[in-house]
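Just below is one structure, and these are the notes that go with it.
The values are calculated or read from the model by the stated rules, or taken from the named source; none is laboratory data. From a predicted model like this one, the values you see are computed outputs, not experimental measurements. In this analysis, Cβ positions are derived from the backbone assuming ideal geometry, glycine residues included, and neighbour counts consider all displayed protein chains. Side chains are part of the model used for accessible areas, which takes the heavy atoms of the whole protein and leaves out ligands, DNA and RNA. Shrake-Rupley method; radii C 1.70, N 1.55, O 1.52, S 1.80 Å.
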Amino acid sequence: MAEEQYDWASLGIDTTKPSIARTYDVVLRGKDNFEVDRTFVAEIVKIIPEIYDVAAYNREILGRGVRYLAGEAGIRQFLDLGSGLPTVQNTHQVAQATAPGARVVYVDNDPIVLAHGRALLAENADTTVITADVREPEKILAHPDVRRLIDFDRPVGVMLVGILHHLHDDEDPQGIVETLMAAVPSGSHLFVTSFCASSQEAVDAEVQYQGMLGTGRFRTPEEITRYFDGLDLLDPGVVPLPLWRPDGDVPDELTVGQRLMYGGIARKP
Ligand SMILES: C[S@@+](CC[C@H](N)C(=O)[O-])C[C@H]1O[C@@H](n2cnc3c(N)ncnc32)[C@H](O)[C@@H]1O
């Protein structure tokens, strides 16, 4: 994507600093990113050469998780928070392939997500994208588009996939999860993936993320598991992403990249 091609600033898009959504687009080998985003990823590659694979593991568990939720768990409405730029196998495509008519609200605070998401969703009446900040969960829950598509008397799939590590401790990610889960009824599910402090490389990467991107908190497996407090954690629990209900064989010993993110799904009793 060329920096000079559009008046990005008028869309609220800053091309001089890396953005979380666009740097993730780089590692997903997308085209919606700028030089500054690619420079950031080049620095991360020096610490975690497998970072592109890590993004793929995250998208793969997203697919497996949404298929489970829309299938076996019978979830028909999804609140996908920190949804990111459209890529392949987005939540609504996976959910609606499993359960036609499933409703999806994408939420992201980066205006570039809305700019690209609108085009993708122009003809999908069951899906929308809004610009909002997960640090203000009450505003999201009260948003007219959320209220229009999500019936809070029926189970909701609350997705916080690859986003909670972008919240600092003093932004209270735990409290945000609790507020969201308090708003949805029994039978709803919480789906989380997060960077994990699972190696020295992860600890080093955290320093680089914090320095260049301003966020990126690599939490311990115990801290990530705490997000599911009060919920029934489904098997196999909170685990490195490739170990969550894999479609195929997994190696006995995981690499640094395979352990870099942990995730899990739980059901609200
Ligand atoms: C790594 S991407 C994850 C995208 C997608 N959920 C996935 O896992 O493939 C994280 C997304 O969270 C968004 N994000 C970060 N902080 C946010 C906030 N406070 N409120 C809403 N979205 C946020 C970023 O803009 C980015 O698009």
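Of note:
- Annotation: of all residues in the range 192-201 being outside any loop (DSSP other than H, G, I, E, B) and away from the ligand (no atom under 13 Å from the Cβ), the one that is surrounded by the fewest Cβ atoms within 10 Å (Cβ to Cβ) is GLN200.
- Between THR215, THR179, the distinction of being among the polar types (S, T, N, Q) and open to solvent by 30 Å² or more (accessible area, probe 1.4 Å) belongs to THR179 only.
- Residue count for the range 251-269, restricted to those that are open to solvent by 60 Å² or more (accessible area, probe 1.4 Å) and either in contact with a Pro (Cβ under 9 Å, 6 or more places away or on another chain) or not in a loop (DSSP other than H, G, I, E, B) (or both): 3
- Just one of the listed residues (ALA132, ALA183) is within 23 Å of GLN77 (Cβ to Cβ), away from the ligand (no atom under 16 Å from the Cβ), of a type in the set (Gly, Ala, Ser) and out of contact with any Gly (no Cβ under 7 Å at 6 or more places or on another chain), and it is ALA183.
- Selection count where residues are part of a loop (DSSP other than H, G, I, E, B) and buried (at least 21 other Cβ atoms within 10 Å of the Cβ), scope the range 182-191: 2
- Among the residues of the range 150-176, those that are without any contact (Cβ under 8 Å) to a residue 60 or more places away in the chain, open to solvent by 20 Å² or more (accessible area, probe 1.4 Å) and in a helix (DSSP H, G or I) comprise ASP169, ASP170, GLU171, GLN174.
- Residue match in the range 111-128 (condition: open to solvent by 40 Å² or more (accessible area, probe 1.4 Å), closer than 30 Å to GLU171 by Cα and of a type in the set (D, E, K, R)): yes
- Odd one out for ASP204 among (1) over 30 Å from ALA9 (Cβ atoms); (2) assigned to a loop (DSSP other than H, G, I, E, B); (3) open to solvent by 40 Å² or more (accessible area, probe 1.4 Å); (4) not basic (Lys, Arg): (2)
- The set of residues in the range 224-250 that are open to solvent by less than 50 Å² (accessible area, probe 1.4 Å), assigned to a helix (DSSP H, G or I) and over 16 Å from MET159 (Cα atoms) contains only PRO242.
- Matching residues, the range 72-89, being modelled with pLDDT of 95 or more, out of contact with any Asp or Glu (no Cβ under 6 Å at 6 or more places or on another chain) and of a type in the set (S, T, N, Q): GLN77
- Here the condition is being away from the ligand (no atom under 14 Å from the Cβ) and within 19 Å of the chain's Cα centre (by Cα); of ARG22, ARG38, ARG103, ARG59, it holds for ARG103 alone.
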